[in-house]
1. Are any of the residues in the range 93-105 more than 29 Å from residue 275 (Cβ to Cβ), surrounded by fewer than 20 Cβ atoms within 10 Å (Cβ to Cβ), within 12 Å of ligand 1 (Cβ to nearest atom) and at pLDDT below 95?
2. Being in contact (Cβ under 8 Å) with a residue 40 or more places away in the chain, surrounded by fewer than 18 Cβ atoms within 10 Å (Cβ to Cβ), closer than 19 Å to residue 138 by Cβ and touching a helix residue (DSSP H, G or I) at 6+ places or on another chain (Cβ under 9 Å): is that true of residue 14 here?
3. If a residue has to be within 11 Å of ligand 2 (Cβ to nearest atom) and either within 14 Å of the chain's Cα centre (by Cα) or outside the structural domain of residue 248 (by TED's automatic domain parsing) (or both) to count, how many in the range 163-188 make the cut?
4. Scanning the range 48-74 for residues that are more than 16 Å from residue 119 (Cα to Cα) and either more than 29 Å from the chain's Cα centre (by Cα) or assigned to a loop (DSSP other than H, G, I, E, B) (or both), which turns out nearest to ligand 2 (Cβ to nearest atom)?
5. Going by the conditions given, is residue 45 within 19 Å of residue 134 (Cβ to Cβ) and more than 16 Å from ligand 2 (Cβ to nearest atom)?
6. Condition test on residue 194, is it over 23 Å from the mean Cα position of the chain (by Cα), touching a residue at least 24 places away in the same chain (Cβ under 8 Å), surrounded by fewer than 17 Cβ atoms within 10 Å (Cβ to Cβ) and within 16 Å of ligand 2 (Cβ to nearest atom)?
7. Does residue 44 fit the bill of being touching a helix residue (DSSP H, G or I) at 6+ places or on another chain (Cβ under 6 Å), within 26 Å of residue 273 (Cα to Cα) and not assigned by TED's automatic domain parsing to the domain that holds residue 383?
Ligand code: FES
Ligand SMILES: [Fe+2]
C-alpha cells in the first residue's frame, strides 16, 4: 500500500512532477524508427511525458524533432508540408529545418530581420535499436547516448511491438516485474514442459516448472533493481531450483528472462499521466523473430489488431473481445496473445491504480521493491535534483542481462548475475 502522496510521486509525470523530471534526465525512446522512415513523409505527432512534439525526416534523410506548435501563432506543425529540407507550417508558410531554424517566412516582407531571430525549440535525437531516442530535458544536463541493454550493438536483431494503452506507466511496469502472474494469466501460453530451460516456438512458450507460487528475492542495483523468482523444477526438485531473474533498469526498461531462441525486454514510456506506450521486444539470441512474425505471434498487428495510432481494437466497451466459449473449453483467459492478456488487466485497474487500497502478498515482493525504489527516486529528484540511473558514474546498460535456468540449490542467483555481468564487460 502507498499513501495518496506516494502514489502521485510514483505515477505522475506531467508538468513539473518529479518523476517526469527524472525521466527527462534519460534519453527517452519517443517513437519507432519505422514511424518516421520516409524522407519528406507525413510528419509524426510524438507525445511523451505530457508534452507534444512533431517528428519529420527531411529531404536529406535527417530527422527533426520540434515542439508541435508553430512559434508564430501556434498552429500544429503535424499538418505541415515536409519538403525541400524543412517543415512548412500551413497557416502562414513559416518553414523550419531539423534544427528548428526558420528558413522561410513567406508572410513577412522580403529580407525581414524577424526570420533570423526566430528559432523553434528542437531536440537532439539518436536512432538506435529500432527506436528514436530524444533528449527532452535541459540542454546543459545532456550526456552522450549509450546503447540500451536490448540493443548493445547497432546490428543487434530486434523485433518490437507497440501498443498505446490507457493506463499509467507504473502499473504497466509492475506487470513486468511480477513473475507470479505468468503462471496464472499466461498459463495457456506459457506451458510447463520437460525442457532444459525456457523455450519458444511459434505457438507457445515453455518452462520446466509447474510451480505457480514462486519465492521472490530482490536486490537493489545502481540502475534499479533485480529479483529472482524461485520455482520448484519438474526434474531434480530436491536438489535444484528453477530461477527466473528479471532486471529493472529505471525508468523505462525491464529485461524479462530469455528463452532458448531470443531475449525479451519491455520499454514503457508515459504519454501522459493516464496513457502509455508499451513496447514488447524480442532481441538477439539464436533465432530472433522478424518484426512481422513477432507481432503475429503476439496478436498485435497494426491494421489487424491495432489501428494506425497503435490503439487496440480490444477495449473495455467490447469486453476486450474476450472469448468466454474458449474459456469453457480450457483457455484460461479467452484472450489471444500474451501482451493482450496483460493489457486487459492493466486497463481494468483504471487509468491510475489506487495503491492506497491494495493487498500485497509474499509473491509481490518485487512490486514492493519497485514502489519503494521509485518513490524514493522521485523524492530525491524533488529534493536535490539527482536522477536515478542518470548521475555519474552512470551504469553501463549493455552489461546488464536477465537470465533463467535450472540451477543447484547451493547457487546464490546474485553471484550468477554478477559473474555473468563481469564476463560481459
Ligand atoms: S501559425 Fe505557423 S506560420 Fe503562422
Ligand atoms: Fe504478463
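The values are calculated or read from the model by the stated rules, or taken from the named source; none is laboratory data. Note that the structure is a prediction, hence the values are computed from the model and not measured. So basically every Cβ, Gly included, is an ideal-geometry build from the backbone, and we count neighbours across all protein chains shown.
1. yes
2. On the way: in contact (Cβ under 8 Å) with a residue 40 or more places away in the chain: yes; surrounded by fewer than 18 Cβ atoms within 10 Å (Cβ to Cβ): yes; closer than 19 Å to residue 138 by Cβ: yes; touching a helix residue (DSSP H, G or I) at 6+ places or on another chain (Cβ under 9 Å): yes.
Against the criterion (in contact (Cβ under 8 Å) with a residue 40 or more places away in the chain, surrounded by fewer than 18 Cβ atoms within 10 Å (Cβ to Cβ), closer than 19 Å to residue 138 by Cβ and touching a helix residue (DSSP H, G or I) at 6+ places or on another chain (Cβ under 9 Å)), residue 14 qualifies.
3. Of the residues in the range 163-188, 5 are within 11 Å of ligand 2 (Cβ to nearest atom) and either within 14 Å of the chain's Cα centre (by Cα) or outside the structural domain of residue 248 (by TED's automatic domain parsing) (or both).
4. Top of the filtered list is 49.
5. For residue 45, the condition - within 19 Å of residue 134 (Cβ to Cβ) and more than 16 Å from ligand 2 (Cβ to nearest atom) - is met.
6. Answer is no for this residue.
7. Yes.
Conditions (1) modelled with pLDDT of 95 or more; (2) buried (at least 20 other Cβ atoms within 10 Å of the Cβ); (3) closer than 26 Å to residue 163 by Cβ, marked per residue:
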| position | (1), (2), (3) |
| --- | --- |
| 214 | no, yes, no |
| 248 | yes, yes, yes |
| 263 | yes, yes, yes |
| 285 | no, no, yes |
| 294 | yes, yes, yes |
| 297 | yes, yes, yes |
| 300 | yes, yes, yes |
| 309 | yes, no, yes |
